[in-house]
């Protein structure tokens, strides 16, 4: 029987499939399996923490040295969305000169890595299209040629508000008028899957709320379905119906009541998660989802945290099995109006593969071992441990 991870060529030569390479462990010899010998890959694996290696090449360490205005473009579903947002926020707050801080600009659309009207499962309409080349030329015409085309007098931020599918100009990002509200995760202890009892509430949970539990098996990870990606990656990207992965028992699903009125959420997002594991290291993944009246569950934003970096991206610290920790999951940002009749949903799990590598749950040095173990995860949501998503609500 032919190995499903190998293709047999006409001349009898076997060629490895991309899928087999993705599943290979340990990571530090994955590229050898593909016949590659890239030094940068080995360097990346050797520096899993945010150390001097990464700082030396990060523009985010040098905003104070940049004295000219910067224009960033990106999409809410772009794999580089964090760089787009941080680029504008960093320049507008830390730029070396007043002109750099006041005249930098940003455009964010409902795209991946490039402007399009349809991405994933959603057609955002003709209005979603932007001629990015024309926008760039207009920027350079003013700053390099001195052509007075009015760009210097326009608001610095232009964002696409999904749900309403409209562009809107803003004077800053994050929006000063946003009110950050806590939406609490709750359940009767059985939030597993789309058919569980997980719910979202603006009201704080009770003291006796039962935690949720699930098993994370690195050999059976939750498959990547939509989300931030780019550039020909083999996994589906963008806004996609999450119900296929929400049907799994190792995905916790928390859903609000049907909305009586529309709610706009625009700005940075984070999930404050109280959790424990019987493993010394593991991952936690969160997604913000817009549930349509017909049941479609369209992802808006996502984030992941590796437990050993819960306190600092620069310093690893393993967990004590069974101990409850507070995790802050950076879910980047979005701009979406949850329309009347829709519901807000948060999904929590421990894998998103192959978009993110599988945590083997062993606590061993990153990328060095093929060993994996199953982790038993426990998610708390009581008055003592009030797990919640922090939403930037805009009136």
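The values are calculated or read from the model by the stated rules, or taken from the named source; none is laboratory data. These numbers were taken from a predicted model, which means no experiment stands behind them. Heads up, the Cβs are rebuilt from the backbone with ideal geometry, glycines too, and the neighbour counts pull from every protein chain shown.
Tabulated data for the structure shown
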quantity	calculated
Given (1) touching a residue at least 12 places away in the same chain (Cβ under 8 Å); (2) part of a helix (DSSP H, G or I), number of the condition residue 41 does not satisfy	(1)
Of all residues in the stretch 90-99 being assigned to a helix (DSSP H, G or I) and touching a helix residue (DSSP H, G or I) at 6+ places or on another chain (Cβ under 9 Å), the one that is surrounded by the fewest Cβ atoms within 10 Å (Cβ to Cβ)	93
Residue count for the stretch 252-272, restricted to those that are surrounded by 24 or more Cβ atoms within 10 Å (Cβ to Cβ) and farther than 26 Å from residue 176 by Cβ	3
Scope the stretch 119-136; condition surrounded by 15 or more Cβ atoms within 10 Å (Cβ to Cβ) and free of Cβ contacts under 8 Å to residues at least 24 places away in the same chain; matching residues	130
Hits in the stretch 304-331 (condition: closer than 18 Å to residue 239 by Cα and surrounded by 21 or more Cβ atoms within 10 Å (Cβ to Cβ))	331
Single residue of 251, 161, 245 found to be assigned by TED's automatic domain parsing to the domain that holds residue 86 and touching a strand residue (DSSP E or B) at 6+ places or on another chain (Cβ under 9 Å)	161
Residue check, residue 236 in contact (Cβ under 8 Å) with a residue 60 or more places away in the chain and surrounded by fewer than 22 Cβ atoms within 10 Å (Cβ to Cβ)	yes
Qualifying residue in the stretch 58-65 (condition: surrounded by fewer than 21 Cβ atoms within 10 Å (Cβ to Cβ), outside any helix (DSSP H, G or I), outside the structural domain of residue 40 (by TED's automatic domain parsing) and in contact (Cβ under 8 Å) with a residue 24 or more places away in the chain)	no
Residue satisfying condition, being in a helix (DSSP H, G or I) and either in contact (Cβ under 8 Å) with a residue 60 or more places away in the chain or touching a strand residue (DSSP E or B) at 6+ places or on another chain (Cβ under 8 Å) (or both), within set 74, 83	83
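For every residue, the table says whether it meets (1) in contact with a strand residue (DSSP E or B) (Cβ under 8 Å, 6 or more places away or on another chain); (2) surrounded by fewer than 21 Cβ atoms within 10 Å (Cβ to Cβ); (3) modelled with pLDDT under 95.
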site: 341; (1), (2), (3): no, yes, no
site: 346; (1), (2), (3): yes, no, no
site: 359; (1), (2), (3): yes, no, no
site: 364; (1), (2), (3): no, yes, no
site: 375; (1), (2), (3): yes, no, no
site: 378; (1), (2), (3): yes, yes, no
site: 386; (1), (2), (3): yes, yes, no
site: 395; (1), (2), (3): yes, yes, yes
